[in-house]
Amino acid sequence: MELLTGIRLKAGLRSCFPILTWLPRYNLRWLKMDVIAGVTVGLTAVPQALAYAEVAGLPVQYGLYSAFMGCFVYCIFGTSKDITLGPTAIMSLLCSAYIGGDPVFAVVLTLLSGVIQAGMALLRLGFLLDFISYPVIKGFTCAAAVTIGFGQVKNILGLKEIPQQFFLQVYYTFHKIPEARAGDVILGLCCLLFLIMMTLMKNSLASAEDEAALLGRSARGLVWSVATIRNALVVIAAAAVAYSSEVTGHHFFSLTGKTAKGLPPFQAPPLSETIANGTVITFSDIAKDLGGGLAVIPLMGVLESIAIAKAFGSKNNYRIDANQELFAIGLTNIMGSFVSAYPVTGSFGRTAVNSQTGVSSPAGGIFTGAVVLLSLAFLMPLFVFIPKASLAAVIICAVSPMMDFRVPVQLWRVKRLDLLPFLVTFVLSFWEVQYGIVGGVAVSALMLLYITARPKVKVCDHGVPVLELDSGLNFPVTEHLSRLVYTHALHASPPRCLVLDCSHVSSIDFTVVHELSELLKQFQLTGQTLIFTGLKPSVLKVLLAAELPAFTHTHSVEEALQLLTHQPIN
């Protein structure tokens, strides 16, 4: 008994703290690969974090504040060896719609998102993510990629005072093209060209399966490594050029500008704010202003992270625990709010780099977090000289793979009706991102309800009409079923008996039972018979408990037909 209790206790601890499953097996070879992968991802994460803070409408240091906490928390509580938590393009875009560039709103949103996500994990509500369909996800990501990518064109051109709303952004960007700054345009295009060339070189060197092996080769391995940290190289080179320009008294480029120095203080997240005119904005006011973001941000954060974890788990032959992932990201956001982070999720690009570089365990995140912390501690004064055009180039190249317009073609070939939620999500996301998600989910739900309300019914006539149902009998199907019964039996001239083949029916509810009772009464009045066949034990139990009038059932359609035609049953 004590042995069994001990085993259960160990299993429970491993479930709550997945680090206990791999830490006892940790070795020097794993450490070597984790250091290489962690540092490589860190050199990718730093420039991306700076750039994504721009997308969120926050000072660039908030990108770095958001980039390290997940590395440490996930190492203890995560179940994927590959995934890297931090700021992403999509999450930054979503946050920008709710926080209005206010860091206090961002931190409160992080705290509340984490509490909601952790609460969902404790209540085992991960299944709710199943209601967001693939066409909705792809419609949203394609629209987000276009929105984010075009939103950076203003920084490539060096334009000022461009609205955030997409359609106004498009209009004013083209309207102000004559005001473009030559220095920003030239630098931005050069950065874009370099990033595209490095990406193409990296993709041409080897397939994803061979990339880790490249690290051991001299020339090709060096080129692959340089291509992997291309974002860091671009930002460093652009900052050096801008610094040279500034010290010589020339202001050719739009710079990031003043940033806070050093590490963020570890302190309780602010729950209120006093604005310039002395007005105090309370916690309840902030929560009201965040509104729908308290639903959209937690759900989309978890959806993106779990989808990435599942994809790489399948690729590398291990399984993840969705509810544990939900808890890990929730705790990351809660802890992140203590260091002024905005909401984070899994990053597909950085997770791909982590996996391809050969990470062996979640401990790789420790070294990624260390790189980010070192950047915050020692490099913040230099970030002042980072040109906005270089960060814009990093963002555009990061989101371009998300614009996968092969998806509509695939949907057209497989199931054309699935194009509807994709298009609704895609179009509405340009108006407001949250409207796109809600609209797509609503259309998907309506399609699902229609399928439930209108199941396929096979009608055969063996002298007696036979209706074969292909799904459960739930309340939306009531009117449709009654109409079929009346059409083929009760309203026939003369009225006929009918066989209802329920061999594929696995569930039934009270509304349907009540309607069946009324139908049986109508069959009695017309002197005809309704026979049920193939009832599963669970469905039969419900019907018997309802004490339906003149309820008759048989094991098979053949028995029912023989009974109705008065033929002997073999």
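The values are calculated or read from the model by the stated rules, or taken from the named source; none is laboratory data. Predicted model only: the values in this text are computed from it and were never measured. Ideal geometry is used to build each Cβ from the backbone, glycine not excepted, and the neighbour counts take in all protein chains shown. These area figures cover heavy atoms from the full protein model, side chains too; ligands, DNA and RNA do not enter into them. Shrake-Rupley method; radii C 1.70, N 1.55, O 1.52, S 1.80 Å.
Among the residues of the stretch 549-563, those identified as under 25 Å from Asp461 (Cβ atoms) and either in contact (Cβ under 8 Å) with a residue 60 or more places away in the chain or not charged (D, E, K, R) (or both) are Ala550, Phe551, Thr552, His553, Thr554, His555, Ser556, Val557, Ala560, Leu561, Gln562, Leu563. Quick check, is Phe405 within 25 Å of Ser429 (Cα to Cα), surrounded by fewer than 24 Cβ atoms within 10 Å (Cβ to Cβ) and among the hydrophobic types (A, V, I, L, M, F, W, C)? The answer is yes for Phe405. Of everything in the stretch 297-324 that's more than 14 Å from Phe127 (Cα to Cα) and out of contact with any Ser or Thr (no Cβ under 9 Å at 6 or more places or on another chain), which residue is modelled with the lowest pLDDT? Applying the filter and picking the extreme gives Ser314.
Applying the condition of being buried (at least 21 other Cβ atoms within 10 Å of the Cβ) and of a type outside the set (A, V, I, L, M, F, W, C) to the stretch 420-433 and asking which residue is farthest from Tyr134 (Cα to Cα) yields Ser429.
Within the stretch 19-60, restricting attention to residues that are open to solvent by less than 20 Å² (accessible area, probe 1.4 Å) and either of a type outside the set (A, V, I, L, M) or on the phi > 0 side of the Ramachandran plot (or both), the residue that is modelled with the lowest pLDDT is Thr44. From the residues in the stretch 97-133 that are in a helix (DSSP H, G or I) and free of Cβ contacts under 8 Å to residues at least 12 places away in the same chain, which one is least open to solvent (accessible area, probe 1.4 Å)? Taking the candidates together, the pick is Phe127.
Return a yes/no flag: does the stretch 137-154 have any residue that is open to solvent by 60 Å² or more (accessible area, probe 1.4 Å), at pLDDT below 85 and of a type in the set (S, T, N, Q). Within the stretch 137-154, none of the residues are open to solvent by 60 Å² or more (accessible area, probe 1.4 Å), at pLDDT below 85 and of a type in the set (S, T, N, Q). In the stretch 394-459, counting only helices (runs of 4 or more DSSP H) that sit wholly within it, the ones holding 1 or more residues that are in contact with a Lys or Arg (Cβ under 7 Å, 6 or more places away or on another chain) and more than 30 Å from Val499 (Cα to Cα) span 407-414, 419-431.
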